[in-house]
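The values are calculated or read from the model by the stated rules, or taken from the named source; none is laboratory data. Since we're looking at a predicted model, the values are computed, not measured. Neighbour counts are summed over all protein chains in view; Cβ atoms, including those assigned to glycine, are modelled from backbone coordinates with ideal geometry. SASA here: full protein model, heavy atoms, side chains in, ligands and nucleic acids out. Shrake-Rupley method; radii C 1.70, N 1.55, O 1.52, S 1.80 Å.
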Amino acid sequence: MRQTSFTRILGILCSVLDAYSAVLFLKEDGKEDAAHSLVASFSLGDNVEPATVVQPGKGLVGWIIRNGEPLLVPNFDQRQNHLGYYRDNEEQRIKAFMGCALPEGRGALCVDSKRQYSFSEKDQKLLHLFAGLLDSLCAEATLDEGQQAALRYHQALKTVYSLRREHSRWGEFLRQFLLLMAATSGCGYSVFCVTDPSGEEYLVEGENSPLLLGKGKKAASFPLTSGAIGWVFRNDVPLFSGGAAGLPEASLFGKGAALPHFQTIMALPLIIQRKTRGVLCLANDTPLPLTEELKEFTRMASEHLALFLENLYVKCRLRDVCQTMAREPEPDASSE
């Protein structure tokens, strides 16, 4: 279970930083000079060596482990540096590297890229947030189930806040937000819908996997009377449904949407200017326990998303006002 969580988070990290590979090393035992093993990885290729073991001080990863300091190598030179977690000469194609240590010397989190100067100091700050999230999973072994969930959701909300600062553009923020929500909640599908100007339909604005959007697909829109998401738009209240029976197969968007039979659905309204302008929905094709901690996490995350949209709305209104004022002719002084 923990291994799966590690891999999913590393996949999100690669997407956020546009990295080629992300690797996580953890200490093998309690000794200060103990070796660190590769416990999880995510890569766009197939050449990460799963049995990699790194000694403190050996290579770039070993340097991070020994010194407990972050490291940024924007122009990677294989003649001077060494990674050690690739096979079949894949390391020769790496052009940039970045890594940081986990708290209390528990391990190291690293990413790399095939493009020079791919990472910046801003990316290093984001890497530290993900390192904190992964470290919390390491600490969960000593916590009960409720404490584990609370810690995981807390770390995820911190990452959501960071995404808002790192991505001022709506489209990129939404993409990373939906990926993070799916990974943290354990749901396989996350989607965000908005109403059209007429208020008679809702549109699919973004999703973590291209079930309705994507190349060659028409813009997905549905009547406001259609599906569970339409119900949330009309009633302005969240919907939580789980269990083996789930909801009818077509009930998420209504008829005409070819989707899996979701057995877990969480749909939350985003109220902006006192109206439900959007709905955040998380769904899974198997039953998930809808705990109070999970519900509260999704509520807080959806409120954060609504705040982001509220700020965009205010900015657009200010821009329109400024443009209108700029177009208005100045008063004729001779007529006064």
So which of GLN124, GLN116, GLN92 is closer than 21 Å to CYS14 by Cα, modelled with pLDDT of 90 or more and open to solvent by less than 30 Å² (accessible area, probe 1.4 Å)?
-> GLN124
When the residues of region 178-201 are filtered to those that are farther than 22 Å from ALA257 by Cβ and crowded, with 19+ Cβ neighbours inside 10 Å, which remaining residue is nearest to the chain's Cα centre (by Cα)?
-> LEU180
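Does PHE42 fit the bill of being within 28 Å of THR184 (Cβ to Cβ), touching a residue at least 40 places away in the same chain (Cβ under 8 Å) and either under 27 Å from the mean Cα position of the chain (by Cα) or open to solvent by 70 Å² or more (accessible area, probe 1.4 Å) (or both)?
Values: within 28 Å of THR184 (Cβ to Cβ): yes; touching a residue at least 40 places away in the same chain (Cβ under 8 Å): no; either under 27 Å from the mean Cα position of the chain (by Cα) or open to solvent by 70 Å² or more (accessible area, probe 1.4 Å) (or both): yes.
When the stated conditions are applied, PHE42 does not pass them.
On the given criteria, is TYR86 of a type in the set (Phe, Trp, Tyr) and surrounded by fewer than 19 Cβ atoms within 10 Å (Cβ to Cβ)? Let's see the steps before the verdict.
Numbers: of a type in the set (Phe, Trp, Tyr): yes; surrounded by fewer than 19 Cβ atoms within 10 Å (Cβ to Cβ): no.
Here the answer is no, as TYR86 does not meet what is asked.
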Among (1) small (Gly, Ala, Ser); (2) more than 17 Å from ARG299 (Cβ to Cβ); (3) modelled with pLDDT of 85 or more, which single condition is SER168 missing?
-> (3)
Given the conditions (1) under 29 Å from ALA306 (Cβ atoms); (2) open to solvent by 70 Å² or more (accessible area, probe 1.4 Å); (3) at pLDDT 90 or above, which single one is not true for ALA131?
-> (2)
Only residues that are basic (Lys, Arg) and under 25 Å from ASN47 (Cα atoms): list them for region 114-129, please.
-> LYS114, ARG115
Got at least one residue in region 80-91 being under 16 Å from LYS114 (Cβ atoms) and aliphatic (A, V, I, L, M)?
-> yes
Which numbered condition GLN155 misses (of (1) closer than 18 Å to LEU24 by Cβ; (2) open to solvent by 70 Å² or more (accessible area, probe 1.4 Å)) = (2)
For region 265-280, indicate whether the set of residues that are in a loop (DSSP other than H, G, I, E, B) and modelled with pLDDT of 85 or more is non-empty.
-> no
Enumeration of residues in region 20-42 that are at pLDDT 95 or above and part of a loop (DSSP other than H, G, I, E, B) = TYR20
